[in-house]
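For reference, the structure is listed below as structure tokens.
Read-outs: derived from the displayed coordinates by stated rules, not from any lab. Because the structure is predicted, anything quoted here is derived from the model rather than measured. So basically every Cβ, Gly included, is an ideal-geometry build from the backbone, and we count neighbours across all protein chains shown.
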Amino acid sequence: MIVAWNEYTKIVEEDGKFNLLSHLSMGVPRLEGTIIHLEFPNHTIKVEVERAKFDLLNYLREKLENYDVSLSIEVNETAVKRYAYTAREKFDKLKEKNPLIDTLRKEFDLDI
């Protein structure tokens, strides 16, 4: 299912639908039985994905050869992702993933 999902996101990108691409790439869909569960941080994103639901489901159903597949889209406002905007915030996010980046910064005497 994930492979078919990623193939669909590539099609969306080629079509120039970058907002939809962003929304579909926001999280990892979960499959429980024949229901694909999606969770988004706000209702606006939910509405935009629901508008594209018909094409998305048609694609997934054909690729998976399972016409019982459906989407469950939920809003979880407490799961808002924090985005990094400034150079310092971006560096801190990278440092969370790999603390050795700070050692590299110090060793080469780099500014942020």
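The table below lists the values:
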read-out	value
Residue match in segment 42-64 (condition: among the acidic types (Asp, Glu), touching a Ser or Thr at 6+ places or on another chain (Cβ under 8 Å) and closer than 20 Å to residue 3 by Cβ)	no
Every residue from segment 21-41 that is closer than 17 Å to residue 6 by Cβ, among the hydrophobic types (A, V, I, L, M, F, W, C) and surrounded by 16 or more Cβ atoms within 10 Å (Cβ to Cβ)	21, 24, 36, 38
Helices (runs of 4 or more DSSP H) wholly inside segment 1-93 that include at least 3 residues being within 14 Å of the chain's Cα centre (by Cα)	2-14, 18-24, 43-51
Matching residues, segment 59-72, being surrounded by fewer than 16 Cβ atoms within 10 Å (Cβ to Cβ) and touching a strand residue (DSSP E or B) at 6+ places or on another chain (Cβ under 7 Å)	70, 71, 72
